[in-house]
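The values are calculated or read from the model by the stated rules, or taken from the named source; none is laboratory data. Predicted model, so just to flag it, every value in this text is computed and none were measured. Cβ atoms come from the backbone with ideal geometry, glycine included; neighbour counts cover every protein chain shown.
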């Protein structure tokens, strides 16, 4: 009698921080059994993984899928195919779109667009609306799992210079228990620095403008602002050791704050940026090698919660120009994040269990994505199969993303996602997307 849909055999699996020799059985989109091969149930389909590693599918909490009026940069079809190719099974979509995701209507329209195209699980941020009383509807009726607060510019209905409006929005988010992700670079500080620097043209000008001290001072002010609000604040793409230490101290004092770092800020230095040019420009920009080494130390000490891609695709024409003012900041990351981190694991800089915690378990916990992030019986069968021995060079021309460039172009990596399962369905097999657009699932707040 058939008791499972699929069994994955002849494998190792990353379970509860350990690598075990076992197999996984899937039924109705969920993991129904984890056991030695002889103890797995019979199934309609049996897949021999030839000794490869089963990991929980990655949960990327920082992705700009673009689409709608920005579909020339990326859309939900190309972006989620890129995600599946990189072993990402769930992602949270950022709201700085055109139109901006900032109220119930724009969120519903964005979800409607995504439902037709996605091949993975998608959840959604919203920017804050103009009126704080709308926050409840965006969460309860729209299903947004988090809000995003941009402090560099106005995105949505809250002006980053209006502290009273920010406080009101944060308090309402705290009342609902929904997290708020923050891009922590103050527009006021940036304006003051820009006036002192004068004309902005070069990468060196940009590095001076977006110095680590801008992020540190903004985080310091934000931590003071939230005080005893009991709102869950998640700091995006931190790039300074000072920032991480402040967040860690605040967490130890009882403030519910978390933070993420990107592979970009762990691996690309400011010297690399000067050599590679605008194609490698991100916001915040790359830091010097001393700061990178400090971030790695803090990561290993458990002071950073999440690794996220900050996948920020642009048209190639938007990454070239004569001046820093002519180009867009941001790089694609969905298809390189896992291979890059597996390569660092092979070098001994990070362990495989740490990767699973930072890229699977903690993202699920922080953003309330229940039933995901771990290989556990009863959880959704979101899995990525990894060939830890596979070596290859990163070639952006093979990306599913529309942004076919990368600051990591030509880098040799060791470790490749070779199969991706979303809700028990094989969606990527050896680089080929096997799922149809619209086969993915929308994840709503506490659904």
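Taking the condition of being in a strand (DSSP E or B) and under 21 Å from residue 124 (Cα atoms), how many residues in the stretch 428-447 meet it?
So the count comes out to 1.
Being modelled with pLDDT of 95 or more, outside any loop (DSSP other than H, G, I, E, B) and surrounded by fewer than 16 Cβ atoms within 10 Å (Cβ to Cβ) is the requirement here; does residue 159 meet it? Working first, answer last.
Values: modelled with pLDDT of 95 or more: yes; outside any loop (DSSP other than H, G, I, E, B): no; surrounded by fewer than 16 Cβ atoms within 10 Å (Cβ to Cβ): yes.
The answer is no for residue 159.
So which residues in the stretch 162-214 are in a loop (DSSP other than H, G, I, E, B) and under 27 Å from the mean Cα position of the chain (by Cα), if there are any at all? Show your work before the answer.
Of the residues in the stretch 162-214, the ones in a loop (DSSP other than H, G, I, E, B) are 162, 177-179, 184-186, 198-202, 210-211.
Scanning the stretch 162-214 gives 177, 178, 179, 184, 185, 186, 210, 211.
For the stretch 407-427, give me each residue that is within 21 Å of the chain's Cα centre (by Cα), on the phi > 0 side of the Ramachandran plot and assigned to a loop (DSSP other than H, G, I, E, B).
Within the stretch 407-427, just 423 meets the criteria.
Could you check, for the stretch 41-57, whether at least one of its residues is within 28 Å of residue 367 (Cα to Cα) and either at pLDDT below 95 or not in a strand (DSSP E or B) (or both)?
yes
Assess whether residue 205 counts as being under 24 Å from residue 103 (Cβ atoms), surrounded by fewer than 18 Cβ atoms within 10 Å (Cβ to Cβ) and modelled with pLDDT of 95 or more.
Taking the combined requirement at face value, the residue does not satisfy it.
Restricting to the stretch 162-179, name every residue that is in contact (Cβ under 8 Å) with a residue 40 or more places away in the chain and either closer than 16 Å to residue 256 by Cβ or buried (at least 19 other Cβ atoms within 10 Å of the Cβ) (or both).
166, 169, 170, 171, 172, 173, 174, 176, 177, 178, 179
Inspect all residues belonging to the stretch 250-269 and state whether any of them is closer than 30 Å to residue 410 by Cα, surrounded by fewer than 18 Cβ atoms within 10 Å (Cβ to Cβ) and at pLDDT 95 or above.
Scanning the stretch 250-269, I find at least one residue that is closer than 30 Å to residue 410 by Cα, surrounded by fewer than 18 Cβ atoms within 10 Å (Cβ to Cβ) and at pLDDT 95 or above, so the answer is yes.
Of all residues in the stretch 4-33 being over 16 Å from residue 49 (Cβ atoms) and in contact with a helix residue (DSSP H, G or I) (Cβ under 9 Å, 6 or more places away or on another chain), which is surrounded by the fewest Cβ atoms within 10 Å (Cβ to Cβ)?
Ranking the candidates gives 18 first.
If you scan the stretch 92-126, which residues turn out to be outside any helix (DSSP H, G or I) and closer than 15 Å to residue 439 by Cβ?
118, 119, 120, 121, 122
Return the residues of the stretch 381-397 that are within 16 Å of residue 83 (Cα to Cα) and part of a strand (DSSP E or B); say none if nothing qualifies.
Of everything in the stretch 381-397, those that are within 16 Å of residue 83 (Cα to Cα) and part of a strand (DSSP E or B) turn out to be 383, 384, 385, 386.
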